[in-house]
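So the structure is just underneath, and the comments pick up after that.
The values are calculated or read from the model by the stated rules, or taken from the named source; none is laboratory data. Bear in mind that the values here come from a model prediction, so they are computed numbers and not experimental data. Here the Cβ is made from the backbone with ideal geometry for all residues, glycine too, and neighbour counts use every protein chain on show. These accessible areas exclude ligands, DNA and RNA; they are computed on the full protein's heavy atoms, side chains included. Shrake-Rupley method; radii C 1.70, N 1.55, O 1.52, S 1.80 Å.
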Amino acid sequence: MKIYSRYLASLLIFVFSQACTEIIDIDLPEHEEKIIVNSFFTSGEQIKVHLSKSIPVLEDSIPLCDDAFVRLLEGNIIIDTLHRDGDYYYSDVLAQASKEYSLIINVPGMDSVVCHDVIPELVPIQSYKLTDSLMIDEYGCVVMQFEFDFIDPPGINYYEISMNIDPWYLWFMNNTDPVITTTGILDYEPETLIFSDNLFDGKAASIKVNYSVEAYVFPRIGNDPEYEYNLNVSFRSISKSYYLFKQKQIVYLFSLQSDIFTGASEPVQLYSNVNGGYGIFAGYSSDDRTINVVVQ
C-alpha cells in the first residue's frame with residue numbers, strides 16, 4: 001500500500017509540475033561548514049570513526065575529512081593518534097568498558113571538535129524463552145515472542161535490543177510489554193528497540209518482545225510441517241548519548257517516509273554530543289546470540 005501511495009504521489013507531482021512552473025528565489029542563510037563525527041564503539045575493539053563535513057541545504061554530495069588529525073584520550077591522557085584507512089579513522093588501542101574516551105579532532109581550515117563517552121559494563125542475558133506462532137495478525141504475518149531475563153545494575157541504565165532472521169526482514173509488531181510500549185517509539189516502525197530501566201531499576205527484569213515475519217519465508221524441512229531458522233539477537237547496554245541519539249534517529253528515519261498522502265512530518269533535530277560540530281560518539285556493550293529455532 002505504501003509503495004502504491006508513493007508511486008501515485010510521484011505521478012501527481014509530475015503532472016502538476018508540467019501544468020505550471022514558477023521560479024522562486026529563496027534567501028538561504030550562509031552555510032558554516034562543520035565537522036560531522038559518526039562513531040559507535042564497544043569493548044575489545046578498535047575505535048572506528050567516520051568524519052565528514054556539513055553541506056548547504058541544496059547540495060547532496062557530502063565531502064569526507066581526508067586530512068584530519070585525530071587524537072584519542074582515556075580520561076585526560078592522550079593514548080593514541082588515529083590512522084586513516086579508506087573512509088574511516090582507526091585507533092590501535094582496544095577500547096575497554098567503564099573507561100571514558102574522548103576525541104580531539106582537527107581539520108585544516110575548520111574549527112576543532114571534541115567529543116567523549118563511556119562504554120557501559122556488559123549486562124548479559126540470563127535466560128530466554130521463544131514462543132512460536134503467538135498469533136497471526138490481520139496482515140497474515142506470524143507473530144513470535146522472544147522473552148529474556150537479565151539483572152539490571154543499580155542506577156540509570158539504557159538498553160537496546162536488535163533482532164533479525166538472516167536474510168529475511170523482521171519487524172516489531174503487537175507488543176504489549178509496558179517496558180517497550182512506554183518508550184513511545186513503536187509508532188515509528190523502529191528497526192531496533194531502545195528502553196531505560198525506569199520501571200525496574202536495580203532489579204531482575206523480564207522483557208517480552210513480539211516480532212513478525214511473513215509466513216511464506218520459512219523453509220519447510222522434511223515431510224512434516226516443520227521449519228527452521230536462526231534468530232540473531234544483540235542485547236546491548238548503551239550509554240545515555242547512544243540512547244538519546246537513537247531516540248531521535250528512529251523518529252527522523254520514519255519522517256523520511258512521508259508523502260502527500262501521509263502528510264509532511266515535523267522537522268527532527270538529531271541529538272549530538274560533539275562539541276563544535278555535529279554527529280555522535282557513543283559507547284555500548286553487547287551480548288550477541290544466534291539461536292537456532294526448529295518448530296514442529
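Brief remarks follow.
- Some residue of region 75-85 being on the phi > 0 side of the Ramachandran plot and not in a strand (DSSP E or B): yes
- Test: L94 is hydrophobic (A, V, I, L, M, F, W, C) and touching a Leu at 6+ places or on another chain (Cβ under 9 Å): no
- Options E121, E138: the member that is assigned to a loop (DSSP other than H, G, I, E, B), out of contact with any Pro (no Cβ under 6 Å at 6 or more places or on another chain) and within 16 Å of N175 (Cα to Cα): E138
- Test: residue in region 174-185 that is under 20 Å from the mean Cα position of the chain (by Cα) and assigned to a strand (DSSP E or B): no
- When L134 is tested against (1) at pLDDT below 95; (2) farther than 24 Å from F235 by Cα, exactly one condition is not met: (2).
- Residue in region 210-228 that is modelled with pLDDT of 90 or more and closer than 20 Å to D132 by Cα present: yes
- Taken over region 138-160, the residue count meeting the criterion of being open to solvent by 10 Å² or more (accessible area, probe 1.4 Å) and either under 21 Å from K203 (Cβ atoms) or of a type in the set (D, E, K, R) (or both) is 10.
- Residue in region 55-65 that is open to solvent by 80 Å² or more (accessible area, probe 1.4 Å) and in contact (Cβ under 8 Å) with a residue 40 or more places away in the chain present: no
- In a residue-by-residue description of region 149-158, the property of being in contact with a helix residue (DSSP H, G or I) (Cβ under 9 Å, 6 or more places away or on another chain) and at pLDDT 95 or above applies to at least one position.
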